[in-house]
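Report on the following structure.
The values are calculated or read from the model by the stated rules, or taken from the named source; none is laboratory data. As the structure is a computational prediction, the values presented were derived from the model and not from experiment. No Cβ is skipped: glycine too gets one built from the backbone with ideal geometry, and neighbour counts run over all protein chains shown. For the accessible areas, the whole protein counts, side chains as well, though only heavy atoms, and no ligand, DNA or RNA atoms are used. Shrake-Rupley method; radii C 1.70, N 1.55, O 1.52, S 1.80 Å.
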Amino acid sequence: MFEMHNISKAFDAVQALKGACVSVAPGEICALLGANGSGKSTMVKVLAGLVRPDSGEIRIDGKAVRIHNSLDSKKLGIATAFQDLSLIPTMNVLDNIKLNRETVGRFGTIDVKKDRRDVEQLLERFHIKCDPDAYAQTLMPSTQSMLEVAKAVFAQPRLLLLDETTATLHQDEIEVLFSILRELRKQGTAIIYVTHRMKEVAKLCDSAVIMRNGESVCKISGQELADIDQIVFYMTGMYPEKVAAHAAVAQTEGEEREVLLDVRDLKLSPKVRDISLRAYRGEIVGIGGLDGQGQSEFIRMLLGEMQPEAGLIRYRGKDVRFRRPAEAVKNGVGFISGERNREAIFDRRTIAENLFVGRTAKGKLFGYIGKKTMNAFSREAVKTYNIKIGDLGDAASSLSGGNQQKLVVARWIAVMPDLLLLDDPTKGVDIKSRREIHEILRQCARQRNMTVIVSSSDNDELMELAERIYVFYEGKVAALLEGENKTQESLVAEMMGIGKGEVQDNA
């Protein structure tokens, strides 16, 4: 039995943990749930040896233990797969997995052949199709995430910690992962599973510890795991508002809709082979598909970050080919990325600067920006989009992940784009912030007549948000799902390339 009792931790003035408690038994998969900033990741880091608690006790099999660093954690049989990957980008797959676990042969030399066999078997077990000699940084994000888990499992831990491992995975990869986790459970491995995808909890977990504001609220099991509204209440103190199954703008019968974006036969080797898509004013369009089917490249061609080899982009009634993102922004295009740290947040800049930068991008190159103007704009955005902050002058890095993402959403919506492009916007965002972001996007479509195109690795998100879903498969549109054809079953089948392939647009 692994137990954490009355764990407290403060980072300067921020109290991350307040007497939090978690326990997990051998052969138990326990979900660790909570909104961003609730203390989940800090609890994981305490067990992983990355954070030292100010007070509290950790027990293994009834005996108190001290974890001062990651080496202590590993010696106690704990392995961690982090959301912020621990893979070394410039090291190949084989060396990443075998680092400090090399097989020592005769005369103290490394048994290279044995190491390669071990890694090849591990890759086969996880259905990871990559060369053991490939550098980690050259692999797709979902492949890197699977390797992160494989590396942790390879250590044969007594306790496996998984921190948001499915955030970048698609459905086929998630099923493989779940199958392996169930095998580990049968073998007696204890697993703590951090996730924001509530439906995964009922599907996989035996129990769940719910955290709020650094405290453990309760531990639930059985049928309670399927009651998402009750879980949200434990996480936030409020029951979620009921929303329609899909909140995209429904077309009035017989009404002519204005085509804002019409893309025909777009190509960019090797990922995008032939993509055609149409989006109307005031509509939320979804893009689904397994990872690496051309979704991100398509979004970035619309933005002007990548240049297509062939095809037509007709926007606001004119043929366009933006040469860079700044040109797209000046023409009413906004972009929100799920890769906050890499593509969206200026973490050392203030909250006010991060909010105002979208408006700056639409202005003159050398225009004067007064602090009073920036702060007034930012205060209004914080209030409108319910962003939890300390002070506008605080660094953006001081915010939780969910509030960082709401900041990015607010940045672009505040400048009123005609077309808003989103690439996996709620990846790693808690359920409360996710629902708030969804409602913001619905209001943009309904009230501001904004066109929203959202690519997502979360099928539930696509089903809930989008009126129509274009499914990408091997660089082409495999199907267009709308009306009665827009079902979970159809979406999964088309993503896997085994659907009916209905692509007709009724425009």
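Can you tell me how many residues in segment 59-68 are in contact with a Leu (Cβ under 8 Å, 6 or more places away or on another chain) and surrounded by fewer than 21 Cβ atoms within 10 Å (Cβ to Cβ)? Count: 2.
Of the residues in segment 388-403, none is β-branched (Val, Ile, Thr) and either assigned to a helix (DSSP H, G or I) or at pLDDT 85 or above (or both). Quick one: is Thr103 more than 24 Å from the chain's Cα centre (by Cα) and open to solvent by 30 Å² or more (accessible area, probe 1.4 Å)? The answer is yes for Thr103.
Of all residue pairs spaced 6 or more apart or on separate chains, those with beta-carbon atoms under 7 Å, a first member in segment 202-225 that is under 19 Å from Met43 (Cβ atoms) and open to solvent by less than 60 Å² (accessible area, probe 1.4 Å) and a second member that is assigned to a loop (DSSP other than H, G, I, E, B) and hydroxyl-bearing (Ser, Thr, Tyr) are Met211/Ser38; Gly214/Ser38.
For segment 42-51, the set of residues classified as touching a residue at least 24 places away in the same chain (Cβ under 8 Å) and outside any helix (DSSP H, G or I) consists of Gly49, Val51, listed by residue number. Here Leu268, Leu302 are screened, and the one residue that is buried (at least 23 other Cβ atoms within 10 Å of the Cβ) and more than 18 Å from Lys486 (Cβ to Cβ) is Leu302. Please go through segment 335-372 and give me each residue that is modelled with pLDDT of 80 or more and polar (S, T, N, Q), ordered by number. Matches in segment 335-372: Ser337, Thr350, Asn354. Residues in segment 489-498 that are at pLDDT 80 or above and either buried (at least 19 other Cβ atoms within 10 Å of the Cβ) or in contact with a Lys or Arg (Cβ under 8 Å, 6 or more places away or on another chain) (or both) were compared, and the one that is nearest to Asn459 (Cα to Cα) is Leu491. Scan segment 75-93 and give yes if some residue there is modelled with pLDDT of 90 or more and among the aromatic types (Phe, Trp, Tyr), otherwise no. Looking through segment 75-93, none of the residues is modelled with pLDDT of 90 or more and among the aromatic types (Phe, Trp, Tyr). In the set Thr80, Thr90, only one residue is surrounded by 13 or more Cβ atoms within 10 Å (Cβ to Cβ) and polar (S, T, N, Q); that residue is Thr80. Among the residues making up segment 375-400, those that are touching an Asp or Glu at 6+ places or on another chain (Cβ under 7 Å) and open to solvent by less than 50 Å² (accessible area, probe 1.4 Å) are Ala395, Ala396. Residues that are β-branched (Val, Ile, Thr) and farther than 20 Å from Leu139 by Cα were ranked within segment 106-119; the one that is surrounded by the fewest Cβ atoms within 10 Å (Cβ to Cβ) is Thr109. Within segment 442-459, the residues that satisfy the criterion of being closer than 26 Å to Val492 by Cβ and of a type outside the set (S, T, N, Q) are Arg442, Ala445, Val452, Ile453, Val454, Asp458. Taken over segment 258-315, the residue count meeting the criterion of being within 14 Å of Ile453 (Cβ to Cβ), more than 27 Å from the chain's Cα centre (by Cα) and of a type in the set (Asp, Glu) is 1.
Restricting Ile174, Ile191 to those that are assigned to a helix (DSSP H, G or I) and either among the polar types (S, T, N, Q) or within 17 Å of Glu148 (Cβ to Cβ) (or both) reduces the list to Ile174. When segment 390-407 is filtered for residues that are over 12 Å from Phe346 (Cα atoms), more than 19 Å from the chain's Cα centre (by Cα) and not acidic (Asp, Glu), the ones remaining, listed by number, are Gly390, Leu392, Gly393.
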